[in-house]
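A short worksheet on the structure shown next.
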Amino acid sequence: MAVSRCKTQKGTCLARSSSWRRRRSTSNSRQGQYMKWKMARPRKISWHEIWRMDGQKISFLLRRLVYDVLPTPTNLTMWKLIEDPSCKLCGKPSNIEHVLSFYRTALKDVRYTWRHDQVLREIAAVLDTQRRKKSKLEKGPNFINFIKGGGESSRNTYSKANGILETANDWEMQADVGGKTTFPREILTTTFRPEIVLWSRISRQVILVELTVPWETRLEEAHERNLAKYQELVIDIQEKNWRTWYFPVEVVCRGFVSQTFWRALGSLGLTEPVRRSLVGKVGRQAEEASGWVWRKREEQWKS
């Protein structure tokens, strides 16, 4: 009985602690910004991953980066450690958003493009593996499982094709890492260059994927902008009698992925373990690249 009471009291304390942290985070205009990332999926980091990180990375990733307590000029000014919050390279007020997403010098030095391509490579590698698996599958006869009257079907004995990649076994693919590809001419002659294109000649299907690595509060804006970006291309492809899917996806600067990214992977037919693995990989690539951008914030990059 005493044990039961202790468990109940402990559970109550934990619940109160959790709700208190949420209220406190919401009330903090700066450190509570993560509570407003409506389109971003919650980030799950296992104890196994944490044990493999060094102390500096844990501090950077789990506390200072997400809660905006890095020593940016604006924070140092607020803490009364310096007087000038300006960026040393461009002269504008420098906060974490400025460094990781809105820095014109970084844009000119293609460091944001470099970060984007690190994430794109991870996505392309997994999609290429998945489409190769589908290409190895041989079409065979479909069998119907008859169930005894009054019985129920077993989930382990019946399966059906799920996802777009399951609808063909001749998928080809190209990824525009580095901006060197052109759109497949057998589909359409165009100057548009979606970042990942998968196509099946036999079934005349096309999948387009466009990646953005935005700031968290601009997730919805980035998605809507990319949604409109290739609408004309989609219509032109459809007029050539190709069935077309277009997926604008987002992986934000600090390693979180958008809900649209997760749903797109499901629509393509990636299983949940593969989706979770890919989300972890792209999250790590984004955060590590952002960490490098942060460390080199006061240096000129060579293109």
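The values are calculated or read from the model by the stated rules, or taken from the named source; none is laboratory data. All of these numbers come straight from a predicted model, not from anything done at the bench. With ideal geometry, Cβ positions are generated from the backbone for all residues, glycine too; neighbour counts draw on all protein chains shown. Accessible surface is based on the protein model in full, side chains and every heavy atom, while ligands, DNA and RNA are left aside. Shrake-Rupley method; radii C 1.70, N 1.55, O 1.52, S 1.80 Å.
Annotations for the structure displayed:
- Nearest-10 value in Å² for the accessible area of PHE247, using the 1.4 Å probe: 30
- Among the listed pairs LYS88/LYS108; LYS133/LYS180; LYS92/LYS296; LYS108/LYS180; LYS133/LYS281, those whose Cα-Cα separation exceeds 23 Å are LYS133/LYS180.
- Cα convex hull of the stretch 189-229 - mean projected area over all directions, nm²: 3.7
- Descending by average beta-carbon neighbour count within 10 Å, the peptides 218-224, 180-186 line up as 218-224, 180-186, the highest first.
- Zone residues, the stretch 187-231, relative to TRP245, backbone N less than 11 Å from point 7 Å out along Cα-to-Cβ: 198, 206-209
- Between LYS296 and PHE192, the simple label model (points 7 Å from Cα in the Cβ direction) yields a spacing of 3.3 nm.
- Rolling a 1.4 Å probe over the protein heavy atoms gives the stretch 82-133 an accessible area of 52 Å² per residue.
- With every protein chain in place, the stretch 202-303: carbon and sulfur % of accessible area (1.4 Å): 46
- By accessible area with a 1.4 Å probe, ligands and nucleic acids excluded, highest first: order of ILE207, ILE235: ILE235, ILE207
- With the simple spin-label model, which puts each label point 7 Å out from Cα in the Cβ direction, the LYS88 to GLU224 separation comes to 3.9 nm.
- Order of exposure, largest accessible area first, which applies to SER94, SER135 with probe 1.4 Å: SER135, SER94
- A Förster radius of 35 Å, combined with the Cβ-Cβ distance separating TYR67 from THR181, puts the computed FRET efficiency at roughly 0.35.
- The stretch 218-303: relative contact order as a whole-number percent, Cα under 8 Å and 6+ apart: 24
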